[in-house]
Amino acid sequence: MSNANTFLGATAVVASRSMRAVSFRYYLAGGGIAAVTSLCNRHLGWQITVLALPVAYVIFRSYRLYLAKLESGKLNAEEMAALHLRTIEALALAIEARDETNHDHIRRVQIYAVELARQLGLGEVEMQAVRAGSILHDIGKLAVPGHIISKPGKLTVEEFEKMKIHPVVGAEILSRVQFPYDVAPLVRSHHEKWDGSGYPDGLKGEAIPLGARILAVVDCLNELASDGQYRRALPFDEVMAVVASESGISFDPHLVKVLKENLRKWEELARIQGSPVSRLSRDAGTPNSCAPDAGLAAGMSQKPLPESLVSIAAARQQAQALYELTQDVGNSLNLHETLSVLDSRLSRLIAYDAIAVYVCKDGRLIPQYTSGENSRLFSTLEIPIGQGLSGWVAETHMPIVNGNPSVELGYLKDPTKFSTMRSALAIPLENAVGLTGVLALYHLGKDAFNQDHLRVLMALKPKLSLTIENALQYPEATISATIDGLTSLPTARSLFLYLDAELARCRRTGEDLAVLLCNLDGLCQVNDQFGHLIGNQVLKLVAGGLQKCCRNYDYVARMGGDEFVLVLPGLKREGLAEKLKVLEEVAIGAGMEACGERLLNISIGASFCPGNGADAGGLLAEANRSMYLTKRSHKSPAQFAATDLAAPSSPPQEQSQTPATPFHAAA
């Protein structure tokens with residue numbers, strides 16, 4: 001009977017303690033050994049029992065070792081789970097550091113969410129999923145630009161579309177972790193709404209996972225009850241009223257009811273269990289009883305040691321400021337405006353008392369922009385490459401940190417000119433071709449710059465160099481678009497602008513205006529016989545001759561190729577013949593000078609305002625028709641026939657108000 005009791009007792013212990021199958025086997029084996037020992041005592045004697053004692057001891061010892069190992073594994077699993085949770089919290093806190101005014105957000109959301117889940121009777125696995133989800137629900141914001149997260153006021157449609165990706169990204173990140181409970185679905189759906197108007201999947205009602213519904217209502221409540229970067233926290237009564245107003249719209253009505261009933265109790269719990277420091281300090285320092293071996297610089301106070309998460313927030317702010325600066329710097333092609341924007345933006349990143357931007361020209365650095373202390377002095381400099389601080393930077397193409405600004409003026413050998421600046425930070429500005437210039441920052445204090453300041457400038461260097469180069473080339477491009485490079489006469493673009501303005505003036509004053517369109521005859525023959533270089537020389541000579549025979553207020557432009565236009569205010573029809581004779585002499589003289597023989601002729605068509613048109617297009621069209629008739633008269637009958645065969649039909653010409661007379665400048 002005692003053997004049976006032992007066997008049943010072992011079975012009951014196993015069942016009551018819910019041990020594993022292995023533990024059950026040990027109890028069963030022990031009961032069996034007790035039964036065998038009793039039988040052996042009855043039938044075989046006590047000697048057999050004595051021999052069996054070592055076997056029993058081995059079994060007992062093995063069982064004790066197994067229990068110890070089982071307990072150690074359990075403790076280790078608990079420690080790993082706690083470490084896992086703390087690691088998750090640290091990661092989430094680093095993410096939360098992007099919003100430096102709301103560092104208690106994670107802890108409060110976690111407490112609210114877990115307590116609400118416990119109140120709803122969720123199992124341990126579901127509780128763990130809610131706990132992890134409450135910590136990591138915003139991890140997807142790593143994929144959202146910082147300027148959108150920290151933007152004051154409402155987001156634009158485009159910005160909101162970028163913000164909406166964070167639940168999806170967060171779920172994708174967490175799905176790779178392979179949690180033993182479902183965290184990713186909770187994170188993906190924590191912005192879904194009860195009425196189906198949420199994102200990203202538009203789930204509705206109980207189709208939304210319960211854990212996600214818990215996170216949604218708790219997250220909203222905590223956001224309203226916490227200070228934000230651009231708003232103050234609301235009182236709890238107002239917070240709960242806002243959340244209740246969204247019951248059945250954004251949030252599960254049952255969850256809102258439970259939250260309202262327990263809000264005060266959970267808030268007190270969050271206050272007790274919260275972080276002892278509600279905000280990470282920027283001013284925390286480490287007491288120092290003695291100076292380092294190298295001593296401390298005079299007049300320099302010890303800077304407080306920044307907390308790690310404050311450094312993360314500061315790095316984000318610096319990156320955002322750099323992004324905004326690079327965007328603003330390239331918005332204008334006006335060099336002074338561009339550098340003014342650079343000055344105002346850069347001063348937020350680096351403390352300096354003066355700035356100078358030098359541009360390399362003819363072996364010297366010419367100041368294009370100066371501002372701040374001693375700016376008038378720096379604006380008078382023309383630093384030879386290789387001399388002075390900025391000249392050294394330009395020659396070596398290397399930056400310099402905490403250089404001596406006084407050497408900028410040293411090459412002048414003028415003791416009356418000196419700077420009060422004591423440290424300088426300068427970098428070369430380069431493009432694909434070579435040096436563009438030098439950017440120099442000056443400070444009144446000694447050793448005021450460090451490697452972080454240099455890093456900021458080097459990050460700006462590529463964009464700034466390209467922007468300055470474009471701004472320098474813009475005036476040249478503007479000139480080349482309006483001035484002909486070969487003859488230095490205005491181009492057709494400039495002609496139309498000028499002619500429109502001149503016609504408006506003539507309409508106001510009633511003054512006559514003549515437009516002459518000139519075409520060189522024989523230029524192709526010059527190019528074929530003497531080459532294009534001589535042809536270009538002829539064009540230059542004709543352009544110069546046309547300008548000399550015109551008045552100061554007349555306008556001469558090159559339409560392109562071998563065509564020139566003269567705008568002659570006040571010229572009447574009666575004075576046209578004399579003008580044509582002078583222009584003919586110019587063309588013939590240019591051909592004789594360049595070729596040594598008479599190869600050139602000129603065909604001229606004239607139109608007058610207001611008789612032949614009231615706008616630039618009409619006057620030039622009429623002058624072109626007149627010039628075409630003149631050119632036809634220069635050809636022989638054989639040339640005419642060849643032209644007619646080559647062009648069997650010509651476009652009809654617009655009829656002018658007053659027929660123009662074909663003018664022939666005969667050779």
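The values are calculated or read from the model by the stated rules, or taken from the named source; none is laboratory data. The model shown is predicted, which means the values in this text are computed figures rather than measured ones. Reconstructed Cβ throughout: ideal geometry from the backbone, glycine too, with neighbour counts over all protein chains shown.
Some notes on this structure:
- Residues located in segment 557-607, provided they are within 59 Å of the chain's Cα centre (by Cα) and free of Cβ contacts under 8 Å to residues at least 60 places away in the same chain: 561, 562, 563, 566, 568, 570, 571, 586, 590
- Filter result (more than 37 Å from the chain's Cα centre (by Cα), outside any helix (DSSP H, G or I) and farther than 21 Å from residue 203 by Cβ) within segment 232-261: 235
- Any hit, segment 406-420, residues being touching a residue at least 40 places away in the same chain (Cβ under 8 Å) and in contact with a strand residue (DSSP E or B) (Cβ under 8 Å, 6 or more places away or on another chain): yes
- Filter pass, residue 110 being under 15 Å from residue 186 (Cα atoms), among the polar types (S, T, N, Q), over 18 Å from the mean Cα position of the chain (by Cα) and modelled with pLDDT under 85: yes
- Single residue of segment 153-185 satisfying the filter (over 20 Å from the mean Cα position of the chain (by Cα) and of a type in the set (Asp, Glu)) that is farthest from residue 124 (Cα to Cα): 172
- When 133, 198 are checked against the criterion of being out of contact with any Lys or Arg (no Cβ under 9 Å at 6 or more places or on another chain), within 25 Å of residue 247 (Cβ to Cβ) and either modelled with pLDDT of 80 or more or of a type outside the set (A, V, I, L, M, F, W, C) (or both), a single residue qualifies: 133.
- Failed condition for residue 213, given (1) out of contact with any Leu (no Cβ under 7 Å at 6 or more places or on another chain); (2) within 14 Å of residue 113 (Cα to Cα): (1)
- Test result for residue 128, surrounded by 15 or more Cβ atoms within 10 Å (Cβ to Cβ), over 33 Å from the mean Cα position of the chain (by Cα) and either more than 17 Å from residue 252 (Cβ to Cβ) or polar (S, T, N, Q) (or both): yes
- Extreme residue, modelled with the highest pLDDT, among residues of segment 354-410 that are within 31 Å of the chain's Cα centre (by Cα) and among the aromatic types (Phe, Trp, Tyr): 358
- Subset of segment 591-624 that is charged (D, E, K, R) and surrounded by fewer than 19 Cβ atoms within 10 Å (Cβ to Cβ) - its residue that is farthest from residue 512 (Cα to Cα): 597
- Residue within segment 359-377 that is in a loop (DSSP other than H, G, I, E, B), closer than 20 Å to residue 449 by Cβ and either of a type outside the set (Lys, Arg) or out of contact with any Phe, Trp or Tyr (no Cβ under 9 Å at 6 or more places or on another chain) (or both) present: yes
- Selection status of residue 352, in the same structural domain as residue 440 (by TED's automatic domain parsing), buried (at least 18 other Cβ atoms within 10 Å of the Cβ) and more than 18 Å from residue 422 (Cβ to Cβ): no
- The condition of being farther than 30 Å from residue 343 by Cβ, touching a Leu at 6+ places or on another chain (Cβ under 9 Å) and in contact (Cβ under 8 Å) with a residue 60 or more places away in the chain holds for only one of 471, 440, 459, 514, that being 514.
- Residue among 195, 201 that alone is in a loop (DSSP other than H, G, I, E, B), touching an Asp or Glu at 6+ places or on another chain (Cβ under 8 Å) and not basic (Lys, Arg): 201
- The combined condition, being basic (Lys, Arg) and touching a Gly at 6+ places or on another chain (Cβ under 8 Å), is fulfilled by residue 107.
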